[in-house]
Amino acid sequence: MRLVRALAALQDHGEGSRSELDSHADTCVIGKDSLVIHDFDRPVNVTGYDPNQPVAKALRTVSAELAYDDPVNGEVIILVVHQAIHIPHLSHNLLNPFQMRLNDVTVNDAPRFLTDIPTETTHTLSMPGGFETGDEYVIPLDLFGVSSGFPTRKSTEQEYDSCDRRYELTYESPEYDPSDPTFAKQEEAMTDLSGVAHETDGDSVSRIRVLCQISRTDARKMCFEEPLDSAETMLCEVSNALSDRTFLTAMVANVRVSGVKTSDRRQGIDAAQLARNWGIGLHVAEKTLKVTTQRGIRTLVHPSLSRRFRTQDQQLQYRQLPIEYFTDALIAKTESRSKNKYAQVFCTAEGWTRAFPMRTKLQAHEALSLLHKRDGVPNIMIMDGAREQVHGDFCRKNRKAGTLVKQTEPHLPWTNAAEGAIRELKKGHGRDMVREQSPKVLWDHCLERQGFVRTNIAHSSYGLAKQVPETMVSGETADISSIAEFKWYEWVMFRDTSISFPDSMKVLGRDVGHWASDDAEGHQAERRNCFPVHSTLAHAGRDC
């Protein structure tokens, strides 16, 4: 700890730089002592706390690296700050705690001497380990005046190429918008009108966006000439809009002005440049930009740097779907033959459904990876506050894929369409299992099959426009060949290649549903209470 303070003292005297926590800046700001590696091509305008000051126009939004020297062993730790504003003449860096917390970085900014019972994590930054970095890393903070921060410096090109310990303080995708009103709605949804926090069923409050229709913050601050009667009090508890005496006041009170903010975020390639590159008219280029995205554009600021862009960019590797997905976990009382006790269910509001059986809830992120590979990446994922969904790999994979994650308000399960999808899956599963008297240990195969069946049924939903959900999601006419030929647990014939001559390879078994991989799909068959095998099936009594 003494070494950290010694380094900070040296840097305060001009021999280095600092990175300080600053909640007044709505976006992280990177100064001159940082290595800028990517340019997002999204210029922004920046205003200060004084509206009379001039506006800094067309500042770059960048990814930058800071070097932090571990005070214990001298190891160089690279800290990556994505979606930060670059101000070249600034002598220090400003880190926005809110933006870091959105990336699951724990910011404990209370000084130790102002804490009743200080611990090892008091006045620290705690960064979770990722796919490459592994263990969590903690940086102790110190005070410069009353500002919390820690010493950093500009990383060298050699460190950029060779350093393996990298931690991301902020996320690279989706786009960070500090003016998004859903942040305030999330905070409001966590408490009632008296300021008492809602129960969260034991789960910690997540750092993702909460769906909340009505703002209730300013109802606590209202002063009335006459007290509200009991009926109006109950209406106000539900929503400010239900009481004439609070509606207008709440609307006026909800207008806020930010002193330090960014504005005018723009795409990198404009219509003029697109017209030149493609040889098209300017008017056509303007219309093109309105209906397309520019997810993969990155500008390498230092061409001499040898590190390449990541080739496994999920935003480009997988199909992007302009729809909302809902997700929730299903819990089964019976352990399946494959040792599964859970299933992660994904669905849309129009009835498209997928079920991925799991052994533990912690495998939810693996189900998400399969969803991305097989079906595509949605632009919005809506879920409840389950810990395995709002923290860890599940949340990080959504961000890497460019999916905006939203959380439903606590104790309102009807706002999550996945709850209804699970109900319908259970109904269809129960009908099939009872009708065919199939073993309970096959519940996961039956549930997965029901997801494919439900996805290809022409429901009466108005939003389907007389199509099936699969067609609406994929944009292609749904093909039901792999799931329509057999009913659940029907007697079938298939070839068992493990049988040797002179015995016949034609075997009688049961159809246990559809299977799919990254590049193929087909049927599964069960024989002699063994694990299902993938094979080409035929109706019992026919040649196969």
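Net length available on complete extension from TRP414 to THR119 is 102.1 nm, with 0.36 nm assigned per residue and the Cα-Cα distance removed. When Rg and the Kirkwood Rh are both derived from Cα coordinates, the Rg/Rh ratio for the range 323-409 amounts to 0.95.
So, R0 is 22 Å and r is the distance between the beta-carbons of ARG166 and ASP109; what FRET efficiency does that work out to, to 0.05? Calculated value: 0.40. Spin-label pair ILE331-SER147: with each label point 7 Å from Cα along the Cα-Cβ axis, the two points sit 4.8 nm from one another. For ILE323, the amide hydrogen comes within under 5 Å of the amide hydrogens of ASN379, ILE380, counting only partners 5 or more places away or on other chains and with H modelled in the peptide plane. Under the shape rule built on the C-alpha gyration tensor, where the axes satisfy a ≥ b ≥ c, the range 33-172 is oblate, since a/c reaches at least 1.5 while a/b does not exceed b/c. Restricted to Cα atoms, the range 315-477 shows a radius of gyration and a Dmax of 15.3, 45 angstrom.
Protection proxy ranking of 65-75, 281-291, 388-398, by the mean of other Cβ atoms within 10 Å over each peptide's residues and highest first, is 388-398, 65-75, 281-291.
Please give the FRET efficiency for THR536 paired with VAL284, using the beta carbon to beta carbon distance and R0 = 56 Å, rounded to the nearest 0.05. Working from the Cβ atoms, E equals 0.65. Summing Lys and Arg as +1 and Asp and Glu as -1 over all other residues whose Cβ lies under 11 Å from the Cβ of THR121 gives a net charge of -1. Were the residues from GLU187 through GLN294 laid out at 0.36 nm apart, the gain over their Cα-Cα distance would be 35.4 nm.
Per-residue Karplus couplings for the range 167-175, computed as 6.51 cos²θ - 1.76 cosθ + 1.60 with θ equal to phi - 60°, are listed in order as 10, 9, 6, 9, 8, 8, 8, x, 5 Hz, Gly and Pro entered as x.
The range 432-507 has equivalent-ellipsoid semi-axes of 33, 17, 9 Å, by the square roots of 5 times the alpha carbon gyration tensor eigenvalues, sorted largest first.
Rounded to the nearest 0.05, what FRET efficiency do ALA478 and ASN73 give with R0 = 60 Å and r taken as the Cβ-Cβ distance? Could you check? Taking R0 as 60 Å, the efficiency between ALA478 and ASN73 is 0.55.
Take 416-424, 473-481 and order them by the average number of nearby Cβ atoms within 10 Å per residue, most first; the result is 416-424, 473-481.
Each reported figure results from applying straightforward, stated rules to the coordinates on display, with no laboratory input. Bear in mind that the values here come from a model prediction, so they are computed numbers and not experimental data. Note that we place each Cβ from the backbone using ideal geometry, even for glycine, and neighbour counts take in every protein chain shown.
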